[in-house]
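Comments concern the structure below.
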Amino acid sequence: MPPLRYLLWLAPYLGAALGFDYTFPDCVNGLLRSNAVCNRTQDAPARAKALISMFTDDELMANTVNLSPGVSRLGLPGYQWWSEAL
């Protein structure tokens, strides 16, 4: 699932450049604070894999479309991505 991996890696940089304040993941108080997605010493693929492993099958399927609902129980907001560059 490359798109989510790229989102996790690029979101802080793009968001900062555009003036957005991303709050995902909440690595201080959130459910994911002990998950590898919050371990910044790990590489992006390992962090993405750790996050995706927490998705249910239904959540995974729902988030494979360009207008993804996110996973509210994990604090992942909905997002939209396109695949023209893939």
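The values are calculated or read from the model by the stated rules, or taken from the named source; none is laboratory data. Worth saying up front: this structure is predicted, and the values here are computed from it rather than measured. Positions of Cβ are generated from backbone atoms using ideal geometry, with glycine treated the same way; all protein chains shown enter the neighbour counts. Remember, those area values only see protein heavy atoms, side chains included, never the ligands or the DNA or RNA. Shrake-Rupley method; radii C 1.70, N 1.55, O 1.52, S 1.80 Å.
Things worth noting here:
- Residues satisfying the stated conditions in the range 45-59, i.e. surrounded by 15 or more Cβ atoms within 10 Å (Cβ to Cβ), in a helix (DSSP H, G or I) and of a type in the set (A, V, I, L, M): Ala48, Ala50, Leu51, Ile52
- Among the residues of the range 56-86, just one is of a type in the set (A, V, I, L, M, F, W, C) and in contact with a strand residue (DSSP E or B) (Cβ under 6 Å, 6 or more places away or on another chain), namely Leu67.
- Residues of the range 60-82 classified as in a loop (DSSP other than H, G, I, E, B) and open to solvent by 30 Å² or more (accessible area, probe 1.4 Å), total: 9
- Residues that are touching a Cys at 6+ places or on another chain (Cβ under 9 Å), modelled with pLDDT under 90 and open to solvent by less than 60 Å² (accessible area, probe 1.4 Å), drawn from the range 21-36: Pro25, Cys27, Gly30, Leu32
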